[in-house]
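What follows is a single structure, written as structure tokens, with notes after it.
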Amino acid sequence: MKRDFLTLADFSTQELKEMIESAIKLKEERKNGIFRKYLENKKVALIFEKSSTRTRVSFEVGVAEMGGYPLFLSRNDIQLARGESIRDTARTLSRYVDMVMIRTFEHERIEEFAKFASVPVINGLTNEFHPCQVMADIMTIYEKMGKYEGVKLAYVGDGNNMAHSLLIGCAKFGIDISIATPEKYQCLQDVVEKAKTIAAETGAKIEITNDPFKAVKGADFIYTDVWASMGFEDEAEERKKIFIDYQVNKNLLEATGKRTYFMHCLPAHLGEEVTEEVFESEISIVFDEAENRLHAQKAIMKWLFEQIDN
Ligand code: CP
Ligand code: NVA
């Protein structure tokens with residue numbers, strides 16, 4: 001049976017931990033110049049309906065390093081942009097390739113694609129979720145702390161795809177998470193409820209607030225993201241006025257009351273969601289997160305292919 005990687009909620013804690021362990025192993029092997037061909041002869045289509053630096057390059061490199069063949073397909077170069085349906089694109093590509101990664105707009109688009117594709121589908125970001133990024137982030141947290149339970153992450157900013165995937169991801173791994181957003185830009189209620197249900201099983205604590213200073217208290221990691229995500233650029237000016245109280249700066253960092261790492265999925269807008277001072281400081285681990293995209297996604301692809309082979 002094929003498994004799709006659309007949100008972290010679709011996987012058990014044990015499955016997700018297996019993927020992180022595998023990512024750590026792949027990272028170590030890569031450092032030693034060992035590249036095992038887990039994707040030999042596999043073709044992986046990478047569809048982008050939005051821009052990307054990290055996702056595109058880490059997937060292309062990751063597929064190639066494991067002996068597969070990546071196909072970069074930007075929206076404008078395929079018939080999707082001229083109105084060919086998601087379901088026909090999914091059925092057509094399934095006849096050529098062994099796996100598809102998509103970056104798109106509404107999450108329903110990827111659900112529709114996965115329903116009609118006969119090959120595994122990976123979410124490379126939707127308006128609502130960004131699970132590959134969160135796997136890399138949780139791998140980074142584990143590298144820094146050596147554990148999941150008893151760790152606290154505070155997310156400050158927009159209740160967007162990153163906030164949603166962090167909620168589900170932290171809940172799955174037993175990491176405490178506190179989210180501070182402006183009232184108008186809160187996380188979707190059904191995602192919060194789902195995270196709380198998962199957390200009840202894993203023991204993670206979940207706090208939702210509008211107060212960034214409350215959220216960061218005792219946090220080991222402070223995470224933020226852009227105030228206007230891709231697809232929401234026309235709201236940027238209006239958002240800037242509201243979000244300025246949620247900027248990650250020295251003042252907010254000091255409110256954690258402990259040594260705290262700074263995290264960001266990138267790309268960052270310095271002087272907006274984070275000051276240059278914090279971004280460039282020694283507590284900033286943003287490029288470790290970016291690097292871990294490569295290792296985490298290699299592990300995810302390897303794991304998904306193993307499900308089909310077994
Ligand atoms: N963090 C992330 O997904 O970056 P890109 O938009 O560059 O892929
Ligand atoms: N929330 C951001 C994440 C970019 C990686 C966006 O969707 O644009």
Which percent of the accessible area of the chain is formed by carbon and sulfur heavy atoms (probe 1.4 angstrom)? 47
Just grab the label-to-label distance for residue 214 and residue 200, each label 7 Å out from Cα along the Cβ direction, in nm (one decimal). 2.3
Local net charge near residue 270, Cβ-Cβ under 15 Å (Lys/Arg +1, Asp/Glu -1): -4
In whole Å, how far is the Cα centre of region 181-219 from that of region 108-149? 19
Solvent-accessible area per residue, Å², over region 1-92 with all protein chains present [probe radius 1.4 Å]: 54
For residue 71, what charge total do you get from the other residues with a beta carbon under 13 Å from its beta carbon, if Lys and Arg give +1 and Asp and Glu give -1? 0
Can you pull the one-decimal nm distance between simple spin-label points at residue 92 and residue 37, each 7 Å off the Cα toward Cβ? 3.1
When the Kirkwood radius is taken over all Cα pairs of the chain, what Stokes-Einstein diffusion coefficient follows at 25 °C and 0.890 mPa s, in µm²/s? 125
Quick check: residue separation of residue 266 and residue 79 times 0.36 nm, minus the Cα distance between them. What number comes out in nm? 64.4 nm
Per residue, how much accessible area does region 102-175 have with a 1.4 Å probe, in Å²? 23
Loop GluC sites (Glu not before Pro), region 18-51, which have at most 12 other Cβ atoms in a 10 Å radius of their Cβ (DSSP): 40
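The values are calculated or read from the model by the stated rules, or taken from the named source; none is laboratory data. These figures come from a predicted structure and were not determined experimentally. Here the Cβ is made from the backbone with ideal geometry for all residues, glycine too, and neighbour counts use every protein chain on show. Heavy atoms of the whole protein, side chains included, go into the accessibility calculation; ligands, DNA and RNA do not. Shrake-Rupley method; radii C 1.70, N 1.55, O 1.52, S 1.80 Å.
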